[in-house]
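Remarks on the structure that follows.
Read-outs: derived from the displayed coordinates by stated rules, not from any lab. Since this is a predicted model, take the numbers as computed values, not measurements. When we count neighbours, we look across all protein chains shown, and the Cβ atoms used for this are built from the backbone with ideal geometry, even at glycine.
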Amino acid sequence: MAAPPPDPGDAFQLPSGLHYLNCAYMSPLPRSVEAAGIRGIRRKRVPSRIGSEDFFQECDALRTRFARLVGSGESDRVALLPAVSYGVAVVAKNAGSLQGRNVVVVRDQFPGNVYAWMEAARSDGGELRIVDSPGPSAGHPGRGAGWTQRVLEAVDQDTAVVAMAPVHWTDGTRFDLEAVGHRCREVGALFVVDGTQWVGAAPFSVDRVRPDALICAGYKWLLGPYSLAAGYFGARFDQGIPLEAGWITRAGSRDFASLVNYTDEYAPGAVRYDVGERSNFILVPMLLEALRLVEAWSPERVERHCRGLTDLMARPLAERGFGVEEREWRAPHILGLTLPPEMDGNETRRTLEARRVQVSLRGSAVRVSPYLYNEPSDVEALVEGLMEALEGR
Ligand SMILES: Cc1ncc(COP(=O)(O)O)c(C=O)c1O
């Protein structure tokens with residue numbers, strides 16, 4: 001029996017006095033996730049303790065947990081991947097020719113969901129359509145709503161793929177993915193969603209968004225280790241070709257004695273896209289435990305808590321000239337601050353670091369991303385540090 005999930009206040013091991021407002025960079029590892037990893041390392045001391053069923057059971061449990069988190073009852077639609085870029089490469093391999101067609105992405109989105117499309121468009125003679133925001137920086141009136149609108153307008157009958165995310169990773173701008181998904185279905189385009197900066201931090205439903213693929217790195221809002229990601233693949237990928245000609249992903253692979261009865265048939269669903277050696281006895285139990293915490297604490301609770309904190313910082317900073325996206329169009333858990341023109345990003349970050357406030361500089365925005373371990377005192381430290389950087393310039 002697993003222990004009951006800890007209170008978030010006891011679950012992490014951040015040093016006191018550190019204002020870690022950077023979960024969008026990576027989450028701190030919860031104690032119980034660390035312990036699961038250490039148990040995983042020790043397991044191989046005595047290999048006879050690792051049975052053939054162990055290559056499957058925890059992977060299956062992980063698929064079930066991830067599927068539940070994104071609102072799907074179909075756990076065999078989940079593949080275990082080493083990175084988002086790997087999942088996107090799977091999709092690109094199975095997207096068909098882009099000749100005379102286009103792929104729609106958003107300006108400055110995370111490169112893991114861009115490079116595969118850039119290359120495919122280049123080699124097939126297709127077009128990469130980059131959708132700019134309608135306003136120069138966060139807080140420009142109508143920018144949030146207008147950005148989704150521009151994405152919708154960029155999609156046409158020749159669109160093969162729309163590749164984007166629920167939230168802009170640099171500045172926290174939200175996109176209306178339900179509307180984009182609907183538009184994709186109208187024209188038959190594949191809808192490829194990078195959920196890394198959203199899933200776990202706020203509710204997400206594959207039934208509502210209806211992506212053809214949803215890929216999430218595990219080490220940020222899913223609280224897991226580095227180098228394990230999960231992907232949900234819809235029915236359009238049921239018969240696709242994986243990147244690797246794997247063996248454990250084949251029909252009948254549970255019977256190790258019969259592995260040389262080679263077969264072209266894969267296990268059903270998206271299991272075929274699993275990375276080789278996906279039954280990682282260290283990383284899989286870690287992510288499994290991490291998702292147990294995410295589920296117990298609930299994305300709704302994370303959303304509420306982070307919304308409270310980002311609202312708390314948004315108002316005084318907007319009043320002092322920092323660009324902040326309109327409330328309706330900013331993510332609850334990622335606040336992008338456009339600095340007043342006189343302020344230098346690196347200088348600002350150094351001032352914050354001297355006060356032990358950790359944030360990221362992404363593009364032209366200071367990105368602040370709290371989690372359940374943060375409190376209003378972290379917001380105060382951030383606001384004071386930014387005021388010092390502003391006034392001391
Ligand atoms: C939006 C987004 N997607 C994906 C990643 C990580 O991608 P990968 O797993 O390919 O390294 C990051 C990392 O910062 C990210 O911000």
Selection of chymotrypsin sites (Phe, Trp or Tyr not before Pro), the range 183-253, meeting DSSP coil and at most 15 other Cβ within 10 Å: TYR226, TRP247
Neighbour-limited loop hits for GluC sites (Glu not before Pro), the range 300-393 (at most 15 other Cβ within 10 Å; DSSP other than H, G, I, E, B): GLU342
Nearest 10 degrees, 0 to 90: helix 57-69 Cα axis against the chain principal axis: 40
Fraction of the pair-distance distribution of the range 177-290 above 16 Å, Cα-Cα pairs, percent: 67
Over the chain: helical MRE at 222 nm, DSSP H runs n ≥ 4 each giving -39500 (n - 2.57), nearest 500: -11000 deg cm²/dmol
Gain on full stretching of the segment that runs from ARG350 to ILE41 - 0.36 nm per residue minus C-alpha separation: 107.5 nm
19 Å cut-off, amide nitrogen to a point 7 angstrom out along HIS140 Cα→Cβ, residues in the range 164-178: 167-176
Sparse-neighbour loop sites [trypsin sites (Lys or Arg not before Pro); the range 41-100; at most 13 other C-beta within 10 Å; DSSP]: LYS44, ARG45
Share, in percent, of DSSP beta bridges within the chain that are antiparallel, nearest 5: 50
Summed residue charge, Cβ within 14 Å of ARG107's Cβ, Lys/Arg positive, Asp/Glu negative: +1
Kirkwood-Stokes translational diffusion coefficient of the range 133-243, alpha-carbon pairs, 37 °C, 0.692 mPa s, µm²/s: 219
Stokes-Einstein D (µm²/s) once Rh is taken as the Kirkwood radius of the chain over alpha-carbon pairs, at 25 °C in 0.890 mPa s: 112
Viscosity 1.567 mPa s, 4 °C: Kirkwood-radius Stokes-Einstein D of the range 7-142 over Cα pairs, µm²/s: 66
The range 47-296, relative contact order [Cα under 8 Å, separation at least 6], %: 25
Order of ILE215, ILE41, ILE50 under a 10 Å beta carbon neighbour criterion, fewest first: ILE41, ILE50, ILE215
